[in-house]
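Just dropping this structure here.
Nothing in this text is a laboratory measurement; each read-out follows from the coordinates by a stated rule. Given the structure is predicted, the values throughout are model-derived calculations rather than measurements.
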Amino acid sequence: MRLLIIGILVYLLYRAWKSWQHPSVPHSQNDSSENAGQIDDIMVKDPFCNVYFPRSKGIHMQIGDRDVYFCSAKCRDGFLETHSGQGNT
Ligand SMILES: [Zn+2]
């Protein structure tokens, strides 16, 4: 049972060391309540469902020389499907 105790000790030391390395990282950021001062997220429009969403949350695709963002993989697939049958002129 000594190995187990050593394991726990190592684990506790590791945790202490980690919390010491990163003392106070603000962890409450996924609240949708007023994040003033953080507007580096650009809203883009999904060309398939016409919904606006933050660009970092979207799925990026390059179509030709155009950057397109989709709100979900489903929209991306749908968009590609509707545009695949038309050739590439
Ligand atoms: Zn969409």
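When averaged across all projection directions, what area in nm² does the alpha-carbon convex hull of segment 41-89 cover?
Values: hull surface 13.4 nm².
Average projection, Cα convex hull of segment 41-89: 3.4 nm².
What lysines could a cross-link reach from Lys74, if we take a straight Cα to Cα line under 18 Å and drop same-chain neighbours fewer than 8 places away?
Lys45, Lys57
Would you kindly state how much longer the chain becomes between Ile6 and Met43 on full extension, computed as 0.36 nm times their sequence separation minus their alpha carbon distance, in nm to one decimal?
Numbers: separation 37, 0.36 × 37 = 13.32 nm, distance 5.10 nm.
Taking 0.36 nm per residue and subtracting the Cα distance, the gain is 8.2 nm.
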